Each structure stands twice: as C-alpha cells, then as structure tokens.
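Each value in this text was obtained by applying a stated rule to the coordinates, not by laboratory testing. All figures in this text were calculated on a predicted structure; none of them were measured in a lab. Every residue, glycine as well, gets a Cβ built from its backbone with ideal geometry; the counts of neighbours run over all protein chains shown.
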Amino acid sequence: MTQSVLSRRHMMVGATSLAALALTGCTTTQSRPKIAERPAIAPQYLSMYGPVLDEKFPIPAARIDLLDPKYYRQMVADPTGERPGTVVVDTPNRFLYWTMGDGQAVRYGVGIGREGFAWGGRAKIAYKRKWPTWTPPAEMIKRQPELEQYRHGMEPGLENPLGARALYIFEDGKDTLYRLHGNMDVHSIGRAISSGCVRLLFQDVIDLYQRVPDGSPILVVQ
C-alpha cells in the first residue's frame, strides 16, 4: 500500500487537528520532521487507529503513516519491574506501559512535557473522565493570556486539549495538575513539547482508559 493511498484513507484528520493544537501550551511550535518512505502498514494497525464513530464526538483515523511504527500500541515483554496494574511513563524513551501478568505489558507511544514543565515520581490515578472539560491552570493563563477565555473551562470536543479521555494524577491526595490525555496530532508522539502532560493518540487513550481503574498506581520516570 502506497503513502498516497494511506493519505486518502486518513484524510479525515485535516484542519480539525490543527485547530485543536492552537488552543494550548501543549502546542508544538517546532518545524515538523520529514518522514522517510516506509513499508506498508499492517492491516491490524490500520484498524486499531481507524475512525471511532460510536463516540460522543466521532474520531477521525489517526495519521499513523506519519508515525514511527515503534510508537504503535503493542504487547511487549514488561521491562519496568513494577507489579501488574501499574502505569509506567518512560519519559526518556517516550513510552507508556500498562503492566499485566505473566511478564507482559501494553506499550503506547506518548508525547511528554518540555524540560522545565515535567513532573516525575510515584502517584495514583485518582479518577478519569470521558470527554473532559479542560481548565488551564492559572500559571498557564499568565504565560499565555489568550487562554483567559477558558479560565472557567473549555467544553468537551475534538478541539479540547484533553481530547477524548483524561486520567488525573494525584500525589499524596493532591492534584499534580499532571494528566494522561488524548491528542490528535501524531507529530507530537515521541517528542517533548507539551506543558507537563502525557499525551496519547485518541485511539490509545481510549484503550488505556478502559484498562486502568481509579486508584491505580503510576510511576513517571525522568
């Protein structure tokens, strides 16, 4: 399958993705890397990252033809050493693991926070939300005054910076303001560009949301 066929298959992403990224400090301002020609994508991945039409806001297919295949969701041997039922964010390698039994883990590609915005350590997934409201922290509004209009929250939708799902991280009972959340821009995966949060493709954050119960431990390794 050629690159042009893949582009037509995934053309639904379009301008909606770019509009979403313009709303938050999670937006990349870097030039986008050129992606070399790659072999055809296996059908299971095209299905895995295809459109999700039964959502409150139908989700377009992800442009995984523009993504390094190592960041596709996959089952791997668990390298973390953590007990089953733990979320592990491997910041240096841009992976997130959901540890399972029998030495296995589900691995997702992620985008992570820029240096100076990142948080690390052990905490818990206090709760999670479908199609959450996004409220920028006061510190972010101070840095980016154009976000003042969202001080009391931005309605859910494809353009909402938290995307289709969000998992909220608390440390010692206090909100870290650090989130695992959805994202439509494949160019952000594998890179350090967001304001402290861990971003996954919409299809991946929905999968993670279904696996992770409230109260699950999380380790963010810097």
Which of rounded, prolate, oblate describes segment 36-101, given a ≥ b ≥ c as roots of the alpha-carbon gyration tensor eigenvalues and a/c under 1.5 marking rounded, otherwise prolate only if a/b is larger than b/c? oblate
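Two decimals is fine: what's Rg over Rh for segment 93-222, C-alpha atoms, Kirkwood radius as Rh? Before the final figure, lay out the partial values.
Values: Rg = 14.2 Å, Rh = 15.0 Å.
Value, to two decimals: 0.95.
Going through segment 125-210, which chymotrypsin sites (Phe, Trp or Tyr not before Pro) have at most 10 other Cβ atoms within 10 Å and a DSSP loop state?
On the way: sites: TYR127, TRP134, TYR150, TYR168, PHE170, TYR178, PHE202, TYR209; in loops: none.
Hits after loop and neighbour filter: nothing returned.
If r is the Cβ-Cβ distance from THR133 to VAL76 and R0 is 45 Å, what FRET efficiency results, to the nearest 0.05? The partial results should precede the final answer.
Details: r = 34 Å, r/R0 = 0.75.
Using R0 = 45 Å, I get an efficiency of 0.85.
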Average projected area [Cα convex hull, segment 66-153], square nanometres: 8.1 nm²
Under the 7 Å Cα-to-Cβ spin-label approximation, ASP175 and SER47 lie apart by a distance in nanometres of 4.0 nm
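Could you order peptides 51-62, 186-197 by the average number of other Cβ atoms within 10 Å of their residues, highest first?
Details: 51-62: 15.9, 186-197: 21.1.
In decreasing order of mean packing, 51-62, 186-197 become 186-197, 51-62.
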Based on alpha-carbon positions alone, could you give the equivalent ellipsoid semi-axes of segment 177-222 from the gyration tensor, as √(5λ), descending, whole Å? 18, 15, 8
